[in-house]
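Have a look at the structure below before the remarks.
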Amino acid sequence: MSIRAASRAQGIEPFYVMEIVKEAQRLSEAGRSIVHLSIGEPDFTAPPPVRAAAIKAIEAGLTQYTPALGTDALRAAIAADYARRFRIALEPERIVVTAGASGALLLALAALLERDRTVLMPDPSYPCNRHFAAVFDGHARLLPCGPETRFQPTAEMIESAWTADTAGLLLASPSNPTGTSIEPSMLSAIADGVRRRSGFLIVDEIYQGLTYDHAPSTALALGEDVLVLASFSKYFNMTGWRLGWLVAPRALVPTLEKLAQNLFICPSAVAQHAALACFSAEALTIYEARREEFRRRRDFLVPALRSLGFEIPVVPDGAFYIYAGIGRLAPDSWEFAFDLLREAGVCLVPGRDFGRAQTARYVRISYANRQENLQMAVNRIDQYLRRKGKVAA
Ligand SMILES: Cc1ncc(COP(=O)(O)O)c(C=O)c1O
């Protein structure tokens, strides 16, 4: 038998970040102390009420398949949470519970993307998105977005990039890797443009809840035709539980249900039962305290990095990432990140994973790490830059 990976799979790039993470692991096994600013998940785990609900569900034997779209109780709880946070009356029937935002992205693209058609997405953006398009024999077209537009595309940029083979647009707000959100009025103009072109608009709100400078908003306010996805991974601190959701137009739900049945049968039953406790007053108090902690870390790290010579032209307003320019410190972010890791024991993510345009100039710095570790990282970077003669003026 000769086993050969299909060409669509061969074309998918691995996560470049794994190379630096592997190097960090090697150094730490050799006894070096490494501070990780590379992590894409909260350092908090699911809070006690959620863990207790999971144990209760297991002991009660609630461990069998659920409906493909998720339990009625969880779909109703998610809808109620939108009503509480945004005063949006959302029918639970429009909610599809999925295996994380990843499952939601896969389902949405499986339902919407025709072979050989193109999905527009910002550069930089979450690397898996372009690979999801490739899995369905579609293409990603990356729109270079710089600090002047908060690393997010504008309606005009989308309008001029749209061609006959464009099927739709995939955005994230707040974004990974930049932590920047799209203002509601700009998103509304984008949605209008996509509607005029009869395309689809998918908005990834996985970092919903983790916003710091303004009242949070949701693209669901723009109309039923906008697909919005979110997750229990980030604000709710449940990465490994694999649970998220997609809010879709009513007319698309039967197609999504059929796909979900075939592809996944259902999302994790235990995770769904546990997630109901996320919306309890006790859990929400814990989550809000953790959000405040993220804000404090951001407010410490942004000025600290700026004073070290990193360029942070836009202060990120959400998620737990800072997309920082290293142009004053080194010519290439890949080399810079490896050198910093080996010489100073600080691991951050070079821009390469997130796109093509300006990624050699940027690194992603995550503050999903304790304050004392952030302080240690800043001290180490300071000493490293002094050794290199790169002290900021
Ligand atoms: C922008 C974005 N979308 C989707 C995901 C997938 O997350 P999950 O499947 O854990 O919900 C991530 C994970 O980091 C992300 O940053």
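The values are calculated or read from the model by the stated rules, or taken from the named source; none is laboratory data. Everything quoted here is computed from the prediction, not taken from an experiment. Note that we place each Cβ from the backbone using ideal geometry, even for glycine, and neighbour counts take in every protein chain shown. Calculation scope for accessible area: heavy atoms of the full protein, side chains included, ligands and nucleic acids excluded. Shrake-Rupley method; radii C 1.70, N 1.55, O 1.52, S 1.80 Å.
Amide H neighbours of Asp123 under 5 Å, counting only residues 5+ apart in sequence or on other chains, H built in-plane at 1.01 Å?
Leu143, Cys145
State the percentage of accessible surface on the chain attributable to carbon and sulfur atoms; use a 1.4 Å probe and exclude ligands, DNA and RNA.
So the carbon and sulfur contribution to the accessible surface is 53 percent.
Please work out the ratio of the alpha-carbon Rg of segment 202-242 to 2.2 N^0.38 Å and round it to two decimals.
Details: Rg = 11.3 Å, N = 41, 2.2 N^0.38 = 9.0 Å.
Working it through for segment 202-242, the quotient is 1.25.
State the Kirkwood hydrodynamic radius of segment 156-235 in Å, one decimal place, computed from all pairs of distinct Cα atoms.
On the way: mean 1/r = 0.0759 Å⁻¹.
The answer is 13.2 Å.
For the chain, what is the calculated [θ] at 222 nm in deg cm²/dmol (nearest 500), taking -39500 (n - 2.57) for each run of four or more DSSP H residues and dividing by its residue count?
Values: 13 runs with 161 residues, N = 393.
When only DSSP H runs of four or more count, the value is -13000 deg cm²/dmol.
Report the accessible area of Ser7, computed with a 1.4 Å probe over the heavy atoms of all protein chains in place, in Å² rounded to the nearest 10.
We get 90 Å² for Ser7.
Which residues make up the longest stretch of the chain that has no trypsin sites (Lys or Arg not before Pro) in a DSSP loop with at most 10 other Cβ atoms within 10 Å?
Details: sites that count: Arg4, Arg87, Arg115.
In the chain, the maximal stretch lacking such sites is 116-393.
Give the accessible surface of segment 86-176 per residue, rounded to a whole number of Å², with probe radius 1.4 Å and ligands, DNA and RNA excluded. Spell out each step's value before the answer.
Details: 3210 Å² over 91 residues.
Result: 35 Å² of accessible area for each residue.
State in Å² the accessible area per residue of segment 303-393; use a 1.4 Å probe, count heavy atoms of protein chains only, and round to the nearest integer. Provide the component values of the computation, followed by the final result.
Working: 3510 Å² over 91 residues.
On a per-residue basis, 39 Å².
Cα axis of helix 333-344 to longest principal axis of the chain: angle in degrees, 0 to 90, nearest 10?
It is inclined by approximately 60 degrees.
Quick one: helix 72-86 against the long Cα principal axis of the chain, what's the angle to the nearest 10°, folded into 0 to 90?
60
If Lys and Arg each add +1 and Asp and Glu each add -1, what is the summed charge of the other residues whose beta carbon sits under 9 Å from the beta carbon of Tyr384? Spell out each step's value before the answer.
Values: positive: Arg380, Arg386, Arg387, Lys388, Lys390; negative: Asp339, Glu343, Asp382.
Neighbour charge sum, excluding Tyr384 itself: +2.
Heavy-atom accessible area per residue, segment 224-288, 1.4 Å probe: how many Å²?
Numbers: 2380 Å² over 65 residues.
Per residue, segment 224-288 has 37 Å² of solvent-accessible surface.
Using every pair of alpha-carbon atoms in the chain, split the distances into 20 Å bins beginning at 0 and state the percent of pairs per bin, rounded to integers.
In order of increasing distance, the bins hold 27, 58, 15, 0 percent.
What are the semi-axes of the equivalent ellipsoid of segment 227-382, taken as the square roots of 5 times the eigenvalues of the Cα gyration tensor, listed largest first and rounded to whole Å? If you can, show how the numbers build up before the last one.
On the way: eigenvalues 259, 86, 38 Å².
Semi-axes from the Cα gyration tensor: 36, 21, 14 Å.
I'd like the Karplus ³J(HN,Hα) series for segment 34-47: coefficients 6.51, -1.76, 1.60, θ = phi - 60°, whole numbers in Hz, and an x wherever there's a Gly or Pro.
For segment 34-47, the Karplus curve yields 10, 9, 9, 10, 10, 8, x, 9, x, 7, 8, 9, 3, x Hz.
Angle between the Cα long axis of helix 371-387 and the longest principal axis of the chain, 0 to 90 degrees, nearest 10?
40
Dividing the Cα radius of gyration by the Kirkwood radius, what Rg/Rh value follows for segment 320-393? Walk me through the numbers on the way to the answer.
Values: Rg = 12.0 Å, Rh = 12.6 Å.
Taking Rg over the Kirkwood Rh, I get 0.95.
Of Ala140, Pro254, Ser217, whose Cα points farthest to the positive end of the dipole of the chain (charges on the beta-carbon: +1 Lys, Arg; -1 Asp, Glu; origin at the Cα centre)?
Towards the positive end, the residue furthest out is Ala140.
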